[in-house]
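As structure tokens, the structure follows; a few thoughts come after it.
The values are calculated or read from the model by the stated rules, or taken from the named source; none is laboratory data. Here the structure is a predicted model, which is why all the values come from computation and not from measurement. Cβ atoms come from the backbone with ideal geometry, glycine included; neighbour counts cover every protein chain shown. Calculation scope for accessible area: heavy atoms of the full protein, side chains included, ligands and nucleic acids excluded. Shrake-Rupley method; radii C 1.70, N 1.55, O 1.52, S 1.80 Å.
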Amino acid sequence: MNVKTLLLLGLFLTAGVTAFSQENFTVSGYIKDGNNGETLIGATVFVKELNVGATSNEYGFYSISIPAGTYTFEYAYLGFETLAKTMTLNANTTQDIEMGSSAAQLAEVVVVSEAKDQNVSNIEMSVNKLDIQTIQKMPTLLGEVEIIRSIQLLPGVSTVGEGATGFNVRGGSIDQNLVLLDEAPVYNSSHLFGFFSVFNPDAVKDVKLYKGGIPARYGGRLSSILDVRMKEGNSKKLALKGGIGTIFSRFSVEAPIVKDKASFIVAGRRSYIDLLAGPFLSGGLEGSILNFYDLTLKTNYNINEKNRLFLSGYFGRDNFGFGDAAGFNWGNGTATLRWNHLFNDKLFSNITLYYSDYDYEISFGEDATNSFDWNAQIVNYSIKPELTYFLNPKNVLRFGGQAIIYDFEPGNAIGVSEGEATDIGLDKQYGLEGGIYIENEQDLGSQVKINYGLRFSLFNYLGEGRAYEFGDAPVGTRRPVTSFQDFDQWESIQTYSNFEPRFSIRYQMTPTASIKASYNRMAQYLHLVSNTTASTPVDVWTPSTNNIKPQLADQVALGYFQNFKDNLYEFSGEIYYKSMDNLVDYIDGADLLLNEFLEGDLLTGKGRAYGMELMMKKNEGRFNGWVSYTLARSERLVEGVNENDWYPSRFDQTHNFSITAFYEPGKRWTFSSNFVLISGTPTTFPTSRFEQQGFVIPHNANNTRNNVRIPVYHRLDLSATLEGKKNEERRWQSQWVFSIYNVYSRRNPFSIFFRQDQNRVPFGQAVNTEAVRLSVIGNFIPAVSYNFEF
């Protein structure tokens, strides 16, 4: 199959769906929150007389085409009053809708913010959508609202432990998750080594996680897409929001620039551990820095009814400095410009331009004559045109493309010894990734809906730079350099391309039950080079090269979905199997940092992940929440590792059970709790040892990898929220949040290592050794925070 074949397929799809068209009129517009003007993502429009409907897209736009007549249109969004409008349709009509909040939402805490039966009727599977109001009521570390840690309570999502950055989805590594903030990729989604995410909850509108059945419009990662959308800013009135917590404070302001036409939001956070600890530091640690901060901002402008502009940005950084002796910092920066354009009532387009930057810096030394400075960076520039054609109520056609320029700086390092500087940095690397796609969501009658599409992706590893060729070596050992070639700027070094088919189907068994299945192939052209227990901010991103092939994954999933008692309860069960190729691994003793010949230390392997995910959820009422359970395996097969046999990956967790519960006894108090119980992660222990001159040398006699598991992880968190007294005459609203993290002080192991007795051992006696459990958090952590709105 080539590009010409792909274009012919697109023409076939267009011709096929056009066959369903007839002389219809179109009702289209935007669905918004009447309180603040924010567009509502996933709101539903239903025509009662025809039993057909539509869903608003990521920008709140909807379009539905039906024959002339008089109809009742129902607009619905969970937490809002359902709005019914009767319209006589004899021409194309623009109908913007502003929805009012439901009084009943005060007694609701829900996982999704869509129509109540969307989990059954929607084509999507392996997808979770967390409502920001739900996230804000969940107990978290130090009482701070946390998005990344919240999604870890959903089936199929895990982490290797406290203090680990990122998250793992269905047996994949953290670099296999594409984290998007207003469509710009975020390469490190954590502050403070994984304890807090980079997303300010006061600026977030929508959080959606794709674990499988990924549509053709997404690409670039194997395991998941986390799509985070920012608020646009209150277009009705000035709104202030903030909070003062145990570890940091936050503040946001949003307001109209021109009422109902242009608005903005600015939200900032800063921690103050260093300010609190400063007076108690001595012994050369005066002036130490330990903080993080971020600034999120967005503005939008309605040029006219057919054109709208959005400009958003994020800037955040973590800083660690220990007196004048050492310093370490890292941070993300993104900027996104989007243009929405309506060609007509059926054709919606969006063009996105974004910039993304992730970098870190390390420095240490006594003075300028003896020092070491190291920084690394990955920068992206992208353009992404997308079009959505609402052909008729039974077909929504999407097509578009994307081009991304990558600029990698794997390491710029200079060491100074006695005033003499030595440059040990690495050359920059460059890449160009492109993709085009077409997909169609189609109703085949009242019971069957399908989504089918195809994505073609291309990656070009570019100069300027030097490309090495490596010779053969015994399996599991370093390969020698045999030759090299220098390339000029933008000269092609290696090119890869892949076709990525996607398919999903839903069969509606009854009005409250459905079966869904999906298949997707994903290609990933970036790799995160890390051999630590958990990924760290200083891990190295590298492109696919002439020696590193792109990662590939094929996933199939089958699910059963059912609602009970008028959608009060939801049940979902899914099984999946995912196979992966060209996964990067390492020889024993690999040198990963500032190694010009790193590719000679890399190995290529296969992976497989399979499992079952169950979830039961109660949507409404004073007592609600969900229970989640995952039974899964994640394994790797690498020639030269583990006797050439399958072994569990570092993030393999057989059992993952969690309970999230909320209770609202009245209008002012809300109580919530989390409980998690997770199998220990695999690690490698020595199977024997040698003793040499009083020192113990561990030895793995069978060359096994991840041959034992650390003890099981479990934790209970509690939280209580007290709302301030309501006063209709004033806009100031406040709340107190009281929380306890790790209630019963469980010392969950992050890792286990071995050490020998430091005392001198008499000749002839064995050296004593012990296993040491490293726990990042070993006690309960209480916290109090105060939040306010105006």
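The table that follows gives values for the structure above.
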read-out	value
Members of the range 299-316 that are open to solvent by less than 40 Å² (accessible area, probe 1.4 Å) and farther than 30 Å from S28 by Cα	Y314, G316
Subset of the range 658-688 that is touching a residue at least 24 places away in the same chain (Cβ under 8 Å), farther than 22 Å from L153 by Cβ and hydroxyl-bearing (S, T, Y) - its residue that is surrounded by the most Cβ atoms within 10 Å (Cβ to Cβ)	T683
R731 touching a residue at least 24 places away in the same chain (Cβ under 8 Å) and assigned to a strand (DSSP E or B)	no
Any strands (runs of 3 or more DSSP E) falling wholly within the range 396-470 and containing at least 2 residues that are touching a residue at least 24 places away in the same chain (Cβ under 8 Å) and in contact with a helix residue (DSSP H, G or I) (Cβ under 8 Å, 6 or more places away or on another chain)	429-444, 448-462, 465-470
Tabulated pairs, the range 253-269, first touching a residue at least 12 places away in the same chain (Cβ under 8 Å) and farther than 19 Å from D202 by Cα, second open to solvent by 20 Å² or more (accessible area, probe 1.4 Å) and of a type in the set (K, R), C-beta under 8 angstrom, 6+ apart or interchain	K259/K236; D260/K236
Candidate set from the range 48-73 (those that are hydrophobic (A, V, I, L, M, F, W, C) and within 27 Å of D260 (Cβ to Cβ)); member that is farthest from the chain's Cα centre (by Cα)	F73
Identity of the residue in the range 257-309, under 16 Å from I244 (Cα atoms), among the hydrophobic types (A, V, I, L, M, F, W, C) and in contact with a Leu (Cβ under 8 Å, 6 or more places away or on another chain), that ends up modelled with the highest pLDDT	A267
Filter result for R755 (in a loop (DSSP other than H, G, I, E, B) and open to solvent by 30 Å² or more (accessible area, probe 1.4 Å))	no
Subset tally (residues that are under 20 Å from S572 (Cβ atoms) and open to solvent by 20 Å² or more (accessible area, probe 1.4 Å)) for the range 625-652	3
Identity of the residue in the range 428-478, among the acidic types (D, E) and surrounded by fewer than 16 Cβ atoms within 10 Å (Cβ to Cβ), that ends up nearest to I587 (Cα to Cα)	D472
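Per-residue answers, yes or no, for (1) assigned to a strand (DSSP E or B); (2) at pLDDT 90 or above; (3) surrounded by fewer than 20 Cβ atoms within 10 Å (Cβ to Cβ):
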| position | (1), (2), (3) |
| --- | --- |
| T72 | yes, yes, yes |
| A104 | no, no, yes |
| V110 | no, no, no |
| K116 | no, no, yes |
| N119 | no, no, no |
| M125 | no, yes, no |
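Conditions (1) modelled with pLDDT of 95 or more; (2) in contact with a strand residue (DSSP E or B) (Cβ under 7 Å, 6 or more places away or on another chain), marked per residue:
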site: T159; (1), (2): no, yes
site: G163; (1), (2): no, no
site: G166; (1), (2): no, yes
site: G171; (1), (2): no, yes
site: L178; (1), (2): yes, yes
site: S190; (1), (2): no, yes
site: G194; (1), (2): no, no
site: K211; (1), (2): yes, yes
site: S223; (1), (2): yes, yes
